[in-house]
Amino acid sequence: MALTKIEASNIAAGAVASSGFVKETFYTSSTSAGGYSPASGVTKIIVEVLGAGGGGSHYSAHGPAVNSGAGGGYVRKTLTVVDTDTMTVTIGAGGTGGGSNASGANGGDTTFASVSGTSFTTLTAGGGGGGTPTNYTPGTSGTATGGDLNIVGAPGRTQNAGGAEGGSSPYGYGGETSATGITIPVESGTGYGAGGGGASDSGTTGSGAPGLCVITEYK
C-alpha cells in the first residue's frame, strides 16, 4: 500500500537543527517492511499508535440490540534510536457498519515494529470491536500493549443505555446513533480510531475510523 504521511517541522528552509524537536510525522496508511527510519542525527523518537474503530450494528427495531462499535486502543512509547534503524508501520482499517440485522466489523490493529537495529517490544494498539444485534452487546474496547502508556479504547454503547454512539478516541469522535426519520449528520466515527454508531429500524449504521501512527523525532 502506498505510504500516506503528513510532516510538521520547526526547521527553517536550509537550516539544520542542532538539538531538540526535529519533526512530527502522521502515518495514515501502512509502510512496507523497513518503511520508516529516523532522520539523520535523530537520537530519540516518541511513537503513538492508535487502533481503528469498530463498526456499528443494525437492528430492525428499537432496544438493547442496537449497539455501536468501540474505539481503538492507544499506545505511547519513547525509544532511543539511531538513523540506521528501520521499522515498519501497520495501520488498522476501520470496521464497516453492519447491514440489516447484522454485526459491525471489528477495527484493525495498528502496530509499530522493529525490522533492524533498535530492539523493542512491538507496539500494538488493538482495533475496537464491532457491535452486534444482540441485547447489550456493543463493541469491546481495543487493547493496548508494549508502550510506556497503554490505554484501552472507549467501549461501544447500547441504545437503551443512553444512545448507541460509537466509542471515541484521543484523535476522533464516535459516530451518532441513526434511526428511521431522524437526520443524523455523521453516523461513522470521525478522525482516527473512533467507533461507528449503531442503527435501528431503517437507519444507517456507521463505520469505524481508521487507525493512526504519530512519530515525533528529537536530536
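Here are the numbers for the structure shown:
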{"item": "Heavy atoms of F26 accessible to a 1.4 Å probe, total area in Å² rounded to 10", "result": "50 Å²"}
{"item": "Phi-based couplings in Hz for the stretch 208-215 (Karplus 6.51, -1.76, 1.60; Gly and Pro marked x)", "result": "x, 7, x, x, 8, 10, 10, 10"}
{"item": "Selection from G108, L149, A209 lying farthest towards where the dipole of the chain points positive, charges on Cβ", "result": "L149"}
{"item": "16 Å Cα cut-off, lysine pairs counted over the chain (separation 8 or more, or different chains)", "result": "5"}
{"item": "Reciprocal mean inverse distance between Cα atoms of the stretch 77-219 - Kirkwood radius, Å", "result": "15.8 Å"}
{"item": "In Hz, Karplus ³J(HN,Hα) per residue of the stretch 44-50 (6.51, -1.76, 1.60; θ = phi - 60°; x = Gly, Pro)", "result": "9, 9, 10, 10, 10, 10, 9"}
{"item": "Test item: Cα-centred dipole of the chain, Lys/Arg +1 and Asp/Glu -1 on Cβ, debye", "result": "220 debye"}
{"item": "C-alpha center-to-center spacing [the stretch 58-111, the stretch 146-176] in angstrom", "result": "10 Å"}
{"item": "Rounded to whole Hz, the Karplus (6.51, -1.76, 1.60) HN-Hα couplings of the stretch 114-127, x for glycine and proline", "result": "6, 9, 8, x, 3, 9, 7, 5, 3, 8, 10, 9, x, x"}
{"item": "Solvent-accessible area, 1.4 Å probe, carbon plus sulfur percent, for the chain", "result": "54 percent"}
{"item": "Mean separation of Cα contacts under 8 Å (6+ apart) over length of the chain, as relative contact order %", "result": "28 percent"}
{"item": "Loop trypsin sites (Lys or Arg not before Pro), the stretch 32-98 (other Cβ atoms within 10 Å of the site Cβ: 16 or fewer; DSSP)", "result": "none"}
{"item": "Accessible surface, 1.4 Å probe, highest first, among residues Y36, Y173", "result": "Y173, Y36"}
{"item": "Heavy-atom accessible area per residue - the stretch 98-219, 1.4 Å, Å²", "result": "41 Å²"}
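The values are calculated or read from the model by the stated rules, or taken from the named source; none is laboratory data. Computed from a predicted structure; not experimentally measured. For neighbour counting, all protein chains shown are included, and Cβ atoms are generated from backbone atoms with ideal geometry for every residue, glycine included. These area figures cover heavy atoms from the full protein model, side chains too; ligands, DNA and RNA do not enter into them. Shrake-Rupley method; radii C 1.70, N 1.55, O 1.52, S 1.80 Å.
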